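The values are calculated or read from the model by the stated rules, or taken from the named source; none is laboratory data. What you see is a predicted model, and the numbers here were worked out from it, not measured in a lab. All Cβ positions, even for glycine, are placed from backbone atoms using ideal geometry, and neighbour counts span all protein chains on display.
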Amino acid sequence: MFIMTTLIMLLMILISVGFFTLMERKILSYMQTRKGPNKVGISGILQPFSDGMKLFLKEYIMPMNSNFIVFYISPLFGLMQSLMTWLLFPYFINCTEFNLGFLFFLIVLSMSIYVMIISGWSSNSYYSMIGAMRSISQAISYEVTLSMILMMYFLLLESYSFNEIFSIQKNNWMMMISLPMFFIWISCCLAENNRSPFDFSEGESELVSGFNVEFGSMGFALLFISEYSSIIFMSLITSLMMLGGNYFKFDFFIKMTMICFLFIWIRSSVPRYRYDMLMYIAWKCYLPVTLNSTMFFILMKIMLFYHFF
């Protein structure tokens, strides 16, 4: 049952990634007053399957001077890292239940940096190497704030398990306790997934496509799937941590879809930041605010402890 449940979950993730790309293309097209994909199937509903078949059936081209084995393996490693986070999907039966889910999440999240390093290095291209360095420094910078925000809420919960997070949100959402932290969290999620306005791995004017510039066909498809499955998982964590988190109800998944829509909406309406501004925001704005908020949460926890005991 464990293997069967895991396989069904992975299949559903891959299907949801396909339809998420369709939703993104449709929303972006309507925001730009044009029509999106509408040829394949009814209103373009089969477009993700057409794109997937096209990518996986194309010839896989290797750059002449690339490190062949590492270049071939790195997209698979990226997909594994992205799908590994989905083991934290909060189940009570037939799947994994982590008591230390928070630590597991941080460990798996930090492994995405290695995917960028080996993808950029193994391509043996200046553009991919510069794109990899920019993406790595961005991911490391925002990971600090991301983990601090998570730590605040787990301080209140006194547990590292994602299964227990909705028990503390019965009467009040975490978003209402600290609204500035919610907006900082959304911003860090955008930066962590290399999404606009923080998509510096894909600065078209100078980097072509960043660390994945030399990947085509199947390699590009795997990196693409890993990026979009990470976006959907971050939307799930946001809904779980900030917006009630009761995953037994259908509205949990509606809130998760709305966070995914927010990612697309920001992409269509906000221009890209300058790189020095990105680093300034991470280290001079978000980190001090997050550290002060952590102290506030610790004091709130001490006051609650003395009030009840």
| said: When you check SER112 against the structure, is it in contact (Cβ under 8 Å) with a residue 24 or more places away in the chain and farther than 29 Å from LYS26 by Cβ, yes or no? | reply: no
Counting only residues in region 33-47 that are touching a Gly at 6+ places or on another chain (Cβ under 7 Å) and not in a helix (DSSP H, G or I), the one surrounded by the most Cβ atoms within 10 Å (Cβ to Cβ) is identified as PRO37
Checked against (1) touching a residue at least 60 places away in the same chain (Cβ under 8 Å); (2) in contact with a Phe, Trp or Tyr (Cβ under 7 Å, 6 or more places away or on another chain); (3) of a type in the set (A, V, I, L, M), LEU103 satisfies every condition except (1)
- Query: Does any residue of region 89-97 turn out to be part of a helix (DSSP H, G or I) and either modelled with pLDDT under 85 or of a type in the set (A, V, I, L, M, F, W, C) (or both)?
  - Reply: no
Note: among ILE117, ILE184, ILE113, ILE177, just one is among the hydrophobic types (A, V, I, L, M, F, W, C) and crowded, with 19+ Cβ neighbours inside 10 Å, namely ILE184
Considering only region 146-167, I want to know if a residue exists there that is touching a residue at least 12 places away in the same chain (Cβ under 8 Å) and more than 30 Å from PHE248 (Cα to Cα).
no
Per the list (1) polar (S, T, N, Q); (2) closer than 21 Å to VAL17 by Cα; (3) part of a helix (DSSP H, G or I), residue check on ASN194 breaks on (3)
message: Among the residues that make up region 38-58, is at least one of them within 19 Å of TYR228 (Cα to Cα), touching a helix residue (DSSP H, G or I) at 6+ places or on another chain (Cβ under 7 Å) and of a type in the set (A, V, I, L, M)?
response: yes
Checking PHE104, PHE77 in turn, the sole residue that is assigned to a helix (DSSP H, G or I), farther than 20 Å from MET218 by Cβ and under 17 Å from the mean Cα position of the chain (by Cα) turns out to be PHE104
Reported set for region 53-62 where residues are aliphatic (A, V, I, L, M) and not in a helix (DSSP H, G or I) is ILE61, MET62
Here the residues within region 137-153 that are closer than 16 Å to ARG274 by Cα and among the aliphatic types (A, V, I, L, M) are ALA139
Taking region 260-280 and keeping residues touching a residue at least 60 places away in the same chain (Cβ under 8 Å) and hydrophobic (A, V, I, L, M, F, W, C) leaves CYS260, PHE261, LEU262, PHE263, ILE264, TRP265, ILE266, VAL270, LEU278, MET279
Note to self: Residues that are among the aromatic types (Phe, Trp, Tyr), in contact with an Asp or Glu (Cβ under 9 Å, 6 or more places away or on another chain) and either modelled with pLDDT of 85 or more or crowded, with 21+ Cβ neighbours inside 10 Å (or both): does region 233-250 have at least one?
What the structure shows: no
Listed by range, helices (runs of 4 or more DSSP H) wholly within region 218-309 having at least 3 residues that are in contact with a helix residue (DSSP H, G or I) (Cβ under 8 Å, 6 or more places away or on another chain) and within 28 Å of LEU88 (Cα to Cα) are 251-269, 287-308
When restricted to ILE3, ILE27, the only residue surrounded by 12 or more Cβ atoms within 10 Å (Cβ to Cβ), within 25 Å of PHE253 (Cα to Cα) and not small (Gly, Ala, Ser) is ILE27
Screening SER82, SER50, SER29, SER16 for residues that are in a helix (DSSP H, G or I) and touching a Lys or Arg at 6+ places or on another chain (Cβ under 8 Å) leaves only SER29
